[in-house]
Structure formats: structure tokens, C-alpha cells
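This report concerns only the one structure given below.
The values are calculated or read from the model by the stated rules, or taken from the named source; none is laboratory data. From a predicted model like this one, the values you see are computed outputs, not experimental measurements. Neighbour counts run over all protein chains shown; Cβ positions are idealised from the backbone, glycine included.
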There are 4 protein chains.
Amino acid sequence: MRGDADPGGGLVERVLCTRRATMQLVEPLSHEDMVVQSMPDASPAKWHLAHTTWFFDRFVLQPIGIPPVRAEYDYLFNSYYEAVGARHPRAARGLLTRPSVSEVLEYRRAVDARLADLEGSPRLAGIADALELGRNHEEQHQELILTDIKHLFGENALLPVYAAHGVHPKGDLAPLAWRRHDGGLVEIGHSGTGFSFDNERPRHAVHLRPFEIATRTVTEGEMIAFVRDRGYERPELWLSEGWAWVQANAKRAPMYWSNDRVFTLIGARVHDLHAPVCHVTYYEADAYARWAGARLPTEAEWEASAPPLAGQVWEWTASAYAPYPGFRPLEGAFGEYNGKFMVSQMVLRGGSCATPRGHARPTYRNFFPPSAAWQFSGIRLARDA
Amino acid sequence: MRGDADPGGGLVERVLCTRRATMQLVEPLSHEDMVVQSMPDASPAKWHLAHTTWFFDRFVLQPIGIPPVRAEYDYLFNSYYEAVGARHPRAARGLLTRPSVSEVLEYRRAVDARLADLEGSPRLAGIADALELGRNHEEQHQELILTDIKHLFGENALLPVYAAHGVHPKGDLAPLAWRRHDGGLVEIGHSGTGFSFDNERPRHAVHLRPFEIATRTVTEGEMIAFVRDRGYERPELWLSEGWAWVQANAKRAPMYWSNDRVFTLIGARVHDLHAPVCHVTYYEADAYARWAGARLPTEAEWEASAPPLAGQVWEWTASAYAPYPGFRPLEGAFGEYNGKFMVSQMVLRGGSCATPRGHARPTYRNFFPPSAAWQFSGIRLARDA
Amino acid sequence: MRGDADPGGGLVERVLCTRRATMQLVEPLSHEDMVVQSMPDASPAKWHLAHTTWFFDRFVLQPIGIPPVRAEYDYLFNSYYEAVGARHPRAARGLLTRPSVSEVLEYRRAVDARLADLEGSPRLAGIADALELGRNHEEQHQELILTDIKHLFGENALLPVYAAHGVHPKGDLAPLAWRRHDGGLVEIGHSGTGFSFDNERPRHAVHLRPFEIATRTVTEGEMIAFVRDRGYERPELWLSEGWAWVQANAKRAPMYWSNDRVFTLIGARVHDLHAPVCHVTYYEADAYARWAGARLPTEAEWEASAPPLAGQVWEWTASAYAPYPGFRPLEGAFGEYNGKFMVSQMVLRGGSCATPRGHARPTYRNFFPPSAAWQFSGIRLARDA
Amino acid sequence: MRGDADPGGGLVERVLCTRRATMQLVEPLSHEDMVVQSMPDASPAKWHLAHTTWFFDRFVLQPIGIPPVRAEYDYLFNSYYEAVGARHPRAARGLLTRPSVSEVLEYRRAVDARLADLEGSPRLAGIADALELGRNHEEQHQELILTDIKHLFGENALLPVYAAHGVHPKGDLAPLAWRRHDGGLVEIGHSGTGFSFDNERPRHAVHLRPFEIATRTVTEGEMIAFVRDRGYERPELWLSEGWAWVQANAKRAPMYWSNDRVFTLIGARVHDLHAPVCHVTYYEADAYARWAGARLPTEAEWEASAPPLAGQVWEWTASAYAPYPGFRPLEGAFGEYNGKFMVSQMVLRGGSCATPRGHARPTYRNFFPPSAAWQFSGIRLARDA
């Protein structure tokens, strides 16, 4: 990443501020809520708390000679960095009842104290980029804490409520309209000022044909119309792989819909016809678009037309996640951050109600496999002009 | 079951005493330890606490008109009783972060109070059998709490210690000897005085050939000799299904053995050559016996020769779990207690270091699939005389 | 096995006669029919032809110094004998388009010629037991050729007809009656005259309680009554493992039943209400018996009451397949013939319309896992007297 | 597709000529070889023969009122066209021992005769496009017949030889060189003259950065260097999904490599260091490129730089298979031909030694999942200029 912030003044405080925000997210959770892993793709909240801490421990503090807080955490809380050694299996993160939540909070405090000590230190210059990456990394896990706890609660017949309000995509009463783009040669990607991930770079030219893009994302009401029109029963609307997914899972509605109610972090509720539909897979987004006589935008179309970053739901694009022309992964272990996932995933753009404010930007590339639905993922339509 | 105890005096107190013992078992555990399920066969300690309570709630209190403490617990904490309605899926017991441990303890206290109120009540007569069954049922779960927490801790690289001592099979310095039985017509099964499960009845005649049975169970030291003699690499020693299991799991030693150390509830330790080997599957027990030029005893041989109930490890027998001649399952939902599992499992006899004192008896039939190893299961040899 | 036949006179001719019968069974099959494996449990007819031949090649001819016809067949056509080396994987038998059917027939002729040369030879004495075992082994595969081809044809929407008549269990118009046995000490197992497999021996005493056994097996008409009474939808009728099987496979009727028709080797036909129901699993047999207020007989009850060996369908017993007291497997590779399968299987008795005439006897023990249905397996009821 | 050929003169003859070429390919095969399916991705040769025939039957002849040859073939030989009804499951194609090869050849002759009758008919105008598509479709299956039979033979320990020569990528003695492209705005896609598939259209502008592309594909010798440099053991060379694939399959070399020999359609042979490496997955292609300090070309780079269509191996590109801007699938069932597969697959370009001469063109887009290796798939390198 490129952090153009002055190395020092403010960066450490921004990091600590981000880390305090993480702690606010887990406030509604019991220690029991924080230890369980509800599926291999999700992680326990405790693991998120520890892993984001380990990231600073391992990649910011250890490189400048500060010893690890506890050596065994290098094994327990490494997520996927092959370059830094063996690690606890991803699907077994939920078995780590030890260390306890209290010990992990202790770990957070210890690392926070060491980070705070860096304020004003000359050593800061050499690690500013890693600090800024760690801060953005922690923001990404803030979103995952919410989506993962939602999945866990969604599996519980008691349908626990995470919070009384917020963390929930807001509705939009405007009728669907289309905005035209004339196409031609456009530039996309990050231009180099402010922080960005390596996968957003380099900025480069893309040639587009004229197209139109919807002014808002698809609503629950519109998705209900798709369901009622037997959208989940008509193979001609689906990609072949999507149709196999529908049949294997006997799908008849999006995730978290059940008996005319929708499970949310603020409780199960009746349908809000104007709320953006969310928790759809790429397959569903694509099928809905075909049913609506439209298609999904490519990520270049999306970025070029710069839809207002309403940020209520991530928007599936028609683009597979791939390196930009001229892409260079970061050096060392950070090179594993984004590059090694560039196959079998689709790009999502925008941001969601669970994304920390200020985290995303128009060039931001989120990515998930086409079958993933536990993120706040929705649908924006496009069509040829 | 048949509880011949006088209905009333003492029974309620014995039940409450058993339930207090359960609470002692979870004392070393954090709330986090108590919520996680480490594999589908195991259950979280919290679930055991709740399910045993629900058993009294549903089968003792509700039948005499006492309303359920919380209606939704009928769904959450039913284990496998089809007769009393739908239930939470077994493999997802570890997702129940709610109700919390505290709420479950509250549930235990509420049910205990209602049970205590029964003391001296005329209603006791009609429910004495159910109370006694519930007490024995709770004792069975006491053992499972230990084996399940051992499995959970065994998956954690930190290798947590459950307790400083106890809960661990004791060694026996005696050399292996053989005791002869002349065979002929013997009677096995429960004779009808004192409590027993339906699967122990009726007492019936079995004809045996003369045989010899070992005076103690196989030790860790003897199992090490089997390993060193390449016992896990020689197909001729194994049942066909066992050999497939060895290969599919790349087995080279019993469960919890690793790098010359053994994981136990009192910590990882070096081999104790005189300790009974435990956590072996039926396949391993059978292969070891073949290697040793012996065989496993049938359950009739075992019972007829009445080995001292040392009770350090459960002893695999050569008998598949099947109804005794004339077997009658209990009426109603209790009929599901034992009878419906009478296929694809093998009988174990004796009792283990994790079995509550006084729980087992010579006619007691434990049963598990041949591939199960997470119980304290060991090997006693027999041979034709 | 014990072949008491005079070693020489007639034995070779009986072997060759059996082998000619095998050839008759594949006459209705094309080379294409003979190469395909429809599921891992089944084998291609070509493989059966080759494997039975290899059995004589490897265990009769090679031990007396006659070199193998083709060395690579030791790898390709070994079924499960670990003692004689590596082998082609069972589930991949259907990939062996080479050697061709013609080459396998050539192999059969070559081995037959070598066997014929033994007639009158002094070497015969040493191999008479192996010859007799090979003959019985070939008869077992004759039955498998029929059940395996039935499974293959049953997967084909064209529902091919194997033969115009025969190979099909005959109906019985008699009403169901019960025959009483007084129980007591009986002897079962093979007494030692004539051929028998090792698993039928030794003859030994078993103590039985009085019981009654049905005079005929359950009919299609009776099974239809079970289906109509929602037998496949009532968990209380099923073993726990059986109920899981019903749900996982959405079972609502026995194998080969579909839309009021039954697929058979003589074509799809309407129900014959008096025909023995067949192709049921142990789970279905057990559930049917419970529904009918009865149970399955143990194998000792079955043998002691000696039902007329009508031999239309194999009859599931309530006995798990286990060694008889005093069982000794054969020496050498033949020791793998029966003994290593003595876990997780149930015994079937009697014989079926697909069993070669003269192959079975009252002491004969067939065995399959409880979920197997592709054999001609049916149900005889028993009950306590 | 767009067939600009005059509708009539020559088209029918070209179709029949293509169909005769198909028959030549199966000449070395026995009927047994032709019926077996060695894995779900592959199909039996008989099925290819029947399915390509059914394509003409269903999409050319039936639409002009010619009744189907046999009605049940619509079920048996439909591959994936949801629009025309139910079909035999893909993974069970190898169970179709009936209809026989002879019947399928009869089917081919019947359809060929009906096609021949169309020569000179006025009805030809309306079906010329379907005929041309059917011809190209049959050519695609010609390639699959070879790759599928190779897979089948590769599973057989006898390592059968398909042919004495040919069907085998030729070596190239030239040293690896790089050709530069200046980038800028280029056009790719089919321009509209001659046949093309819908997925090659429309022709459209793409903006490229300067790059270099290798003058030949990677050789076996170069791949051996990768293996010797422990390429399969170094996670830093692999995409995350690729590394998981390496570990799950214990991969240490490309498919069909074993003990310093390579299995080919002309028999097992020693390595030819100058032969193009083939049967690599996308994962391996990508890892090799990273190891070599290069990358794979995008499909636009590939097409713009127009490597000589040597056509020895298909060349993996870095491009996921997606619709071109302005893509319109064909009307009706043909719309399922290409469009519904546009997710989770990668584009390959060029053509292989198994591709019929004249079938491919520079705009041709082949596509397979990244884990597929049974096609003749190889590696061409590119790098930023």
C-alpha cells in the first residue's frame, strides 16, 4: 500500500483509534459468542481480535526488534501468510477456547501499549506503511466481525439480536432510473495519493462501450417479484454453475429470508420493500439481472460511472478478480495480502453498512467466490446503451 | 429401567447429589470451554448441562403438570427423542452461544428447585422410575463431559490441562495372567434387583465353550511393542474395514499419542508403560489381539468370568450391540433410549476412570461404533481354552 | 473349507461344469454390458469372469508350479487378498476396457485347459481343497454377476431386459402362518461332512428361548401395506441409523420400485402381490418387522427352525456377522476369505433365486452391510413365543 | 454463430465429411473402450458419437419437421440444454451400455442419410446456421474423444496405446525468445466473416500496455527444471487455491508424468525435453510463470500479438471467461451453448494437436476450470515491456 501520510504525527493515534472502534463492535457479545466459528469461511470474533493484533505484533513490532508478546501466537493467529511459518488450520479456529477472551484482550492491550510507545519515535518512518496497512487490515476485520456474528446468530433458533439499531442497510424510496455513460477510453485504478491496496494499482486505461447504470441497487421488493415469478425455478435465468447451486441447496430465496421474514443484526423483521436486497450470491445477482433484462456492470464501468458511494451493500460486478495490467504485489509476506487470491473470485464494489466509514473508496476492490452470500452483497444493474 | 428403591425417601436427594457432582466437573472450565463442539460426536459441556436438565424437565416434571421452564428448550436441548418433537441438529450444538452458560445454570437451578419441591410429595410414586433414569442418564453425561472436553483440549496446540490429578487410568504392575472358565450354560443380564437399563434385560442363558480371559487390560508398554513390530503397517492383522481406516487416516499409533508423548486430562506426559492403553478403536483392539495370538472376549464371556471391575478403561468386546433374547424396550419416548441404536455398534464392558463411581455394574452394556476412540476404551484379551 | 469329496475323480469335472454355467449367465450380455461398473459395490461381468479364473490360476495352478497365464493379471484381478500383493482399486474395476472380453475369455479357456489336464493327476490330492473352494467361489460370483447386471440395467432409462424368464423370485399364495420352536440348547454350524466355508464352523451349542418363525417371507403386497401406512415416514419404526438413511436418501419404497412398477431382470412389471419382497436393506427389514409387531430371527433361530430352503430371497437375520466360538480362519491367503469381514455386517440366510442350485445349505452364512439392497434380500419374521 | 457460406452448395457435404472424420477417430477403439466413462468430466466415446448425432437430429432435422430417429434419444443424449427437456445425468453417461455401439452407429447412419437428403433442398436456407454450428460442435467433440480416451487409458495399468503416431504435441528446438507489442488500443474478437461462436463476438476495442510475449510455449525440459527447483513445494509460487490443490492431491509433477516417463496416446515414453509441456492446470501454468519471472498473457494480449497458431497445446491465459462487451447469446436453446458457462473458468487460446485442422482461429475462445488438466493444455509466457 502507499501511505502518504506524514510518517509519525497522527498515524499511531489513528491506528489506536481504529483499534478502539474494534472493541466497540464486540461490546454486545458475550465471551461465548466470541469463541464459536459457525462455518469455515467465518471466524470467531475472538480470533479477529487476536489476529488483527498479531498483524501489528508480527509485521510492525517484530521487524523493529520488539519481541513477540507470546511466541505461540505466531502459530495460533496467523491467517494465511505462508512466508511466516506454519499456522492453526482455518476451519478449526473455533476450537481455540484457549487463550481466553480475557487473554486476547490482554494481548490487545500489550500490543496497543507498544504501538503507543512508538509515537514520536524515529523508528516510525520505517514502519509507517506497515502501520497504515495494519490499520486498514483491522478495518476489514471490523466488517468481518459483523458478518460472521450475523452468520452465527442466524444459525440459532433463538435469533439473537446484536444491536437495537444500525448495522443494517437503509432503504431508498427513489424509483429505479438509469444514468448513461458514453464509453470510450477511461482510466481506473488508484492514482497514488492516499492509502490504497496493491490490487487497486496501477491506474490504467480501459476502453468502454456506451452503457447505462442504475441509480440505485435492487430492493427487497424487486427481489420478491423475482421469487414470485419463479425466478429460482427457471434454469434459463441462471449460469450453469448457479443452477447447480440452486438445486444442490434447494434455494428459493436469498440467505436469511425465511417465512416472509428477514433475519438481521437488529432482529428478525418483516420485509422492507425499499431496503436494498443483500446477502445474495453472484449467481443470484446474475440471474436477477438476466430476469430484469439487464446485466451486471464490469468493475471498470462501475468505477468510471462512479455511482454515489451510498455504501449500503457491496455490489457484485461482472468482473473476475484479476491483477490490473502492470500489477506488482508488495514485497515480502505482504505480497500474499491480495495477489494470491486472484482466481475463482468476483469483484464487488462500493461498500456496505458494515464497512467502517472512510474505509472504502471508488477504486476499492473487494472480492469473494461467486457462491459467497454471508457478506452484505447486493445488486446494481447495468445495460448496453 | 427398574428402580426398586422406595419411591420417595432419598431418591430426590440422590438425584440432586448427582446433579451437584455434574457441576463439580465443569468447575475447571471457562464459559468459552463450555460452548464449543470439537466434532459431531462430541457435545459442548454447556449442552450436557442443559440437556440433562431438560431430561428431568421434560420427562419428570412436565408429565405431572409442571410447565416447562422455557418452552424453546424443548427444541434446543432434545438430543434424539423423535417422539417428543423436532430438535436442534446434533452437529450444530456448538453454535448455541445463546442461551448463555449463565442462563443454563439458571435453568439447572430452576429445575433443581422443582425437583426438591417433590420431596415427600405423593406425586413421587408415579415418577420414581423416570427420576432414577434421569439420575443414571446424568451420570452417563458426566462421563461424556470429560471425554468431550478432552477431545476439545486435544485439538488445541496449547494442550490445556483440565485438572492436576485424577481422571486418568491408573497403571497395574502385575504381569499378564490368564484365568480359565469352563464354559457351559451360564446366565447373563440383569436379574431385576436395583436399577438397570432396558438393554441389560432380560437375564437369559448363554452357552459358552471353555475359554481363558486376561487378568488385566493391555498396557501402553504392550501397545508400544505392537507399534514397534509395525502393527499398523501389516494388513494381515486387521479387519478389512479396520485396515481401510488405518490407511484413510494414516494411523500409526492410538489417539492422543504424538512424538512419544500422550495427551491426557492432566497434561501431556511421557509414556507410562504400565498404564492401561486407552482411546483405541475396536479395529485397533481387534488387531492388537490378533497380533498377541489372542482375541477379544464376547460380552457373555466377559460377564460370565466377571473380571474385577477395575474400571480404568472400557473394554471392547467381540459382540455387536444387539437386543437380548426377549428384550422389551421401555414404553413411550424412553423406548428410544437404548433400542434404536442396536446396529453397527460394538459392546464395551467394565467402566473407565471417567465413569462415575457406582454407575456401572457387571451387566452394564456400553456401546460405540467400531471407529470411535474418544472414549476411554481399552483392550482385555481372551483365548480359547 | 472342507472338501470331503474323493480327491480326483469328478472334482475337476465339477469345477469345469460350474465354470461352464458361469458362461451361460453372460450369454445375454454384450461386451459393452460386461465392462461397466455401475457402483463401487458392484463389479463388471468381465471382471467377475476374470477374477474367478485368476482364483484358480493363483491359488490352484501357481502353487503346483504352473506359471501364471499373464503376470499382470495378478495385479488386475486380485479382489482383496493383501497376502498376495498389490491390486487394482476396487472402485476402478469398470475402467478396465483392456484386457478385452475376448482376452478374458481366452484367459478362461487357458485356465480351463490347465485344470482339465489335472484330471487323474497325482498332484490333485494337494489341491483338492483349493479346487473345491474355487468352485464355490465361482458360484458366489455367479450370483453377483446377476445382481450386478441388474443394478447396471436398473440405472438405464431404457430398462433393458436380461432374460425372458427365470432369475426372479417366485410368489407364494399361502397365507402367513407361524411355526413354534420350543427353544433350549440347540446346535448350529456345519458338522463337517461335505463342503463348507470356514465361517460356518465349528458346530456349537446355542441356547434359545421359545419362539415362532413365519412360514414364508414377506410379500410385495405386505410391503405395499407398510408403505401405505406411511411406514417410511414414521421414525418410531426405525433404527436410528436406518432413519438417517431414509432421510438422506428420501426413501419411500424399496429399491427398484418406481411408479407402481418394479424393475426386474425379466423387465419392468406391475406388482405381484404374492411375490416375496426383495432388495430391501436391513433397516427396512427391521422396520417392517417392528411395524408388523414382530422381529427378525437370529441366525441361530433361523438355522434351528430350518425353514424350508425355498431360496427365493436371502433373509436378513438379527445377527451381526461374527466368528463362531472356536472359529479358525483358513491358513494363508484363504484366511482372508471370510474372517476379515467380521464387523459392521449382518448375516443373511437361505439363498435366492440368483443363487446357483446346490450352492447354499442350512448352515450357510451370507453377509452384507445393513445398507446393502442390491442383493435379492428379503424378510422373514419371527416373534417370541 | 455466423455461417456466411452459401446456404446449400457444399455445406451438407462438409458436415458429412466432418462426421466421417469422427468415425476415423474411434477406429482404434473396441466397443468396450467406447462405453466407459473414466471421470465425470469425461464422456464415453459412444456418448460423443451419439450426442453429436443427436445435435443434428434435434436442432437441424426436427425443426424442419423430420421426426426423431428414436424418441428416447432426446433424453439419453442431450448434454446440457435445459430448454429442450430432462436428460440423463452427466456423471452417469458411462452406465449406458444400451443402446449399443452398433445401435449408435445405426443412429449416425440414419441421421447422415437424412442430412444427405437435404442437399439441394430449399429447406436448407433456414437451417444453414444450425448445420454449420453442428459441424463445429462435432469438431469440438472430436477433440474430446481424444482427451477422454487418453484419460481412460491413463487409468489402466496396461497403459494401452491408442495409435502408433500423431495425436501428440510436436517439439520445437528453438530457444525461447520474446516478441514485443507496443500496446495501445487494439481490436479483438471476431469481425463477422466466416463462422464464429457467439462468445467470440462482438469485435471490440481493448487498451493494452506494452508487453512481450514468448515465441514458443514452455517445454517438458523447462518444466523438469521447475520440478527440480522444488516448484511444487514452494507456496510462494502458487495462487492460494492452487497451493491447496497441490496439497490435497500431493502433486509433484504434471498429469501423466510418472517415474520419469510420460503417458501419451502413442504409448508411455521418456521425456522429450523439447516437446511442449501439456496437461497442466491453470494453477501450474500460473506458478510456472511466476517461477520464471514472467506471467501468463491476457487473452487480449494473446490475440493482439497473434502468436503463430502452432496449435500443439492450448495456452492458458490470465483471463477469466466472461462475455465480451455487447455480447448477445444466440436465440433459443443455442443460447445455452457458451453463455451459461461464463463464471469460474479461464480462457485458453490457440488449439492443440488434438484440435481438428481448421477448427480454431485466432479469435477462438476455449475455456476450462482452473483445475482441469485432461485437455492438451500448456503454457505461453508474457511479461510487461
Does B:R201 fit the bill of being under 26 Å from B:P307 (Cα atoms) and not acidic (D, E)? yes
Reported set for region C:243-300 where residues are in a strand (DSSP E or B) and touching a strand residue (DSSP E or B) at 6+ places or on another chain (Cβ under 7 Å) is C:R261, C:V262, C:A268, C:R269, C:V270, C:P276, C:R295
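Is it the case that region D:202-220 has a residue that's within 12 Å of chain A (Cβ to nearest Cβ) and among the β-branched types (V, I, T)?
Within region D:202-220 (the criterion being within 12 Å of chain A (Cβ to nearest Cβ) and among the β-branched types (V, I, T)), the answer is yes, since at least one residue qualifies.
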Residue that is assigned to a helix (DSSP H, G or I), aliphatic (A, V, I, L, M) and at negative phi, where the choices are B:A373, B:A333, B:A354: B:A333
Among the residues in region D:305-321, are any under 27 Å from A:E299 (Cβ atoms), part of a helix (DSSP H, G or I) and in contact (Cβ under 8 Å) with a residue 12 or more places away in the chain? yes
Output the number of the condition that B:P202 fails; it satisfies all remaining conditions of (1) buried (at least 20 other Cβ atoms within 10 Å of the Cβ); (2) under 28 Å from C:T298 (Cβ atoms). (1)
Whichever residue in region C:310-336 is among the aliphatic types (A, V, I, L, M) and out of contact with any helix residue (DSSP H, G or I) (no Cβ under 6 Å at 6 or more places or on another chain) and, among such residues, is farthest from the other protein chains (Cβ to nearest Cβ): C:A310
Selection from region C:92-112 of residues that are among the hydroxyl-bearing types (S, T, Y) and either more than 14 Å from chain D (Cβ to nearest Cβ) or assigned to a loop (DSSP other than H, G, I, E, B) (or both): C:T97, C:S100
Restricting attention to region B:178-208, which residues are polar (S, T, N, Q) and either assigned to a strand (DSSP E or B) or farther than 21 Å from B:F367 by Cα (or both)? B:T193
Taking interchain pairs and intrachain pairs at least six residues apart, which have beta carbon atoms under 7 angstrom, with the first residue in region D:27-55 and within 15 Å of D:E103 (Cβ to Cβ) and the second of a type in the set (K, R)? D:M34/D:K46; D:V35/D:K46; D:P44/D:R93; D:W47/D:R93; D:L49/D:R108; D:T53/D:R108
Answer with yes or no whether D:R203 is basic (K, R), farther than 30 Å from D:W47 by Cα and out of contact with any Pro (no Cβ under 9 Å at 6 or more places or on another chain). yes
Cβ-Cβ below 6 Å, separation at least six or inter-chain, first residue in region A:246-258 and of a type in the set (D, E, K, R), second buried (at least 17 other Cβ atoms within 10 Å of the Cβ): which pairs? A:K251/A:Y232; A:R252/A:Y232
I want to confirm something. Restricting to region C:58-82 and keeping residues that are within 14 Å of another protein chain (Cβ to nearest Cβ) and outside any loop (DSSP other than H, G, I, E, B), which single residue is nearest to C:A333 (Cα to Cα)? C:E82
Qualifying residue in region C:209-225 (condition: farther than 18 Å from C:E303 by Cα, outside any helix (DSSP H, G or I) and β-branched (V, I, T)): yes
Could you please find all residues in region A:247-282 being crowded, with 23+ Cβ neighbours inside 10 Å and within 14 Å of chain D (Cβ to nearest Cβ)? A:T281, A:Y282
In region D:226-242, which residues are under 15 Å from A:P329 (Cα atoms) and not in a helix (DSSP H, G or I)? D:W238, D:L239
Filtering region D:345-355 down to residues that are touching a helix residue (DSSP H, G or I) at 6+ places or on another chain (Cβ under 6 Å) and either within 11 Å of another protein chain (Cβ to nearest Cβ) or surrounded by fewer than 19 Cβ atoms within 10 Å (Cβ to Cβ) (or both), which residue is nearest to D:E138 (Cα to Cα)? D:V347
Does B:P210 satisfy the condition of being surrounded by fewer than 17 Cβ atoms within 10 Å (Cβ to Cβ) and either free of Cβ contacts under 8 Å to residues at least 60 places away in the same chain or out of contact with any strand residue (DSSP E or B) (no Cβ under 8 Å at 6 or more places or on another chain) (or both)? no
Residue pairs qualifying under the 7 Å Cβ cut-off, at least six apart or on distinct chains, with the first in region C:143-162 being more than 18 Å from D:V36 (Cβ to Cβ) and within 12 Å of another protein chain (Cβ to nearest Cβ) and the second being among the β-branched types (V, I, T) and part of a helix (DSSP H, G or I), are C:Y162/C:I149
For region A:75-100, give me the residue count where each residue is at pLDDT 95 or above, more than 24 Å from the chain's Cα centre (by Cα) and over 21 Å from B:R93 (Cα atoms). 2
Restricted to region B:29-57, and to residues that are not in a loop (DSSP other than H, G, I, E, B) and not hydrophobic (A, V, I, L, M, F, W, C), which residue is nearest to the other protein chains (Cβ to nearest Cβ)? B:K46
Looking only at region D:113-142, filter to residues that are in a helix (DSSP H, G or I) and free of Cβ contacts under 8 Å to residues at least 12 places away in the same chain; which one of those is nearest to D:I64 (Cα to Cα)? D:D117
